Amino acid sequence: MLQGKVALVTGASSGIGRAIALTFAREGAQVVVSDVDPDGGRQTVAAIAQQGGQASYCAADVSRPEDCRLLVAHAVQTFGRLDVACNNAGIGGDLAPTADYPDEAWQRVIAVNLSGVFYGLKHQIAQMRLNGGGAIVNIASILGQVGFANAPAYTAAKHGVVGLTKTAAMEYAAAGIRINAVGPAFIHTPMIERLENDEATNAQLVAMHPIGRLGTPQEVAELALWLASPRASFVTGSYYAVDGGYLAR
Ligand code: NAP
């Protein structure tokens, strides 16, 4: 589905981003694996090579505009162009009610989860305009649609990602750049494993999903792949949940 394409994935050293990088590569893309964690990044690159694909690691902290510019430049220098980008890097942040939420924690979550997507879009769009088009998938969350007590920064950032996705999609649709958002519910990754530290919490999380379990990174990757591929050629500016029925409650 992505034969001949060049893709970049942020936060690709772990969890959902790693699954997306492996899936894009499985479908023929050359993939730039980006993250702040070089060890995990190298593991993702090695796993892609093992399945017969081509990948390159590029360190980038998405909260830094210059890193986002250099990441796109790395894709062009290494593989010649940029066709697909997945802005996936994100952090959970502190858990506290709004009035008690620490300012520094708020600023960090917004910097990574919202500003990081903005900086990514800026440079990815500029490069895709030179190529004559492309597809961008932003990883939001179900918490880009509904609130979640004790996660004010995370829910604000993810709602922001959905709004930014719609606006940028309108601006660049005529330039052949499709931009969509994916909203996972709770997915088994290191981010959630940090929360699921006891059976009661795990049972509570599972109970929020009518399907009766949490999702897997691969289930998110398959949706991201479809949105990034030419099969979604008439799809832009939309939010797609992959949530085991979470939002249907
Ligand atoms: P994860 O396993 O923690 O992976 C996130 C990766 O991003 C890690 O390798 C992390 O590195 C990296 N990262 C953190 N800050 C970064 C930065 N400033 N720049 C570049 N990379 C950075 O998390 P995940 O669960 O796969 O989450 C991936 C995305 O899905 C996030 O946007 C998250 O909000 C979203 N999401 C997750 C779930 C879920 O239930 N898991 C649900 C909805 C949405 P370090 O480990 O070194 O920090």
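The values are calculated or read from the model by the stated rules, or taken from the named source; none is laboratory data. None of these values were measured; they are calculated from a predicted model. All Cβ positions, even for glycine, are placed from backbone atoms using ideal geometry, and neighbour counts span all protein chains on display.
Here are a few things to note about the model shown:
- Residue count for the stretch 45-64, restricted to those that are within 15 Å of the ligand (Cβ to nearest atom), part of a helix (DSSP H, G or I) and either in contact with a strand residue (DSSP E or B) (Cβ under 7 Å, 6 or more places away or on another chain) or not small (Gly, Ala, Ser) (or both): 1.
- Residue within the stretch 72-84 that is within 16 Å of the ligand (Cβ to nearest atom) and in a loop (DSSP other than H, G, I, E, B) present: no
- Test for Val36: is it near the ligand (Cβ under 10 Å from one of its atoms), of a type in the set (A, V, I, L, M, F, W, C) and surrounded by fewer than 23 Cβ atoms within 10 Å (Cβ to Cβ): yes
- Criterion applied to Gly90, Gly28 was being modelled with pLDDT of 95 or more and under 24 Å from Lys122 (Cα atoms), and the one residue passing it is Gly90.
- Residues in the stretch 226-241 that are within 15 Å of the ligand (Cβ to nearest atom) and in a helix (DSSP H, G or I): Leu227 only.
- For Val6: the one exception among (1) away from the ligand (no atom under 15 Å from the Cβ); (2) among the hydrophobic types (A, V, I, L, M, F, W, C); (3) without any contact (Cβ under 8 Å) to a residue 60 or more places away in the chain: (3)
- Residues considered: Ala203, Ala153. Of these, the only one that is of a type in the set (Gly, Ala, Ser), part of a helix (DSSP H, G or I) and over 22 Å from Gly11 (Cα atoms) is Ala203.
- Qualifying residue in the stretch 229-244 (condition: surrounded by fewer than 16 Cβ atoms within 10 Å (Cβ to Cβ), over 22 Å from Leu2 (Cα atoms) and charged (D, E, K, R)): no
- Ala203 being surrounded by fewer than 19 Cβ atoms within 10 Å (Cβ to Cβ), within 26 Å of Leu82 (Cα to Cα) and either over 14 Å from the mean Cα position of the chain (by Cα) or more than 16 Å from the ligand (Cβ to nearest atom) (or both): no
- Selected residue (criterion: farthest from the ligand (Cβ to nearest atom)) from residues of the stretch 19-29 that are more than 17 Å from His74 (Cα to Cα), in contact (Cβ under 8 Å) with a residue 40 or more places away in the chain and out of contact with any Pro (no Cβ under 7 Å at 6 or more places or on another chain): Glu27
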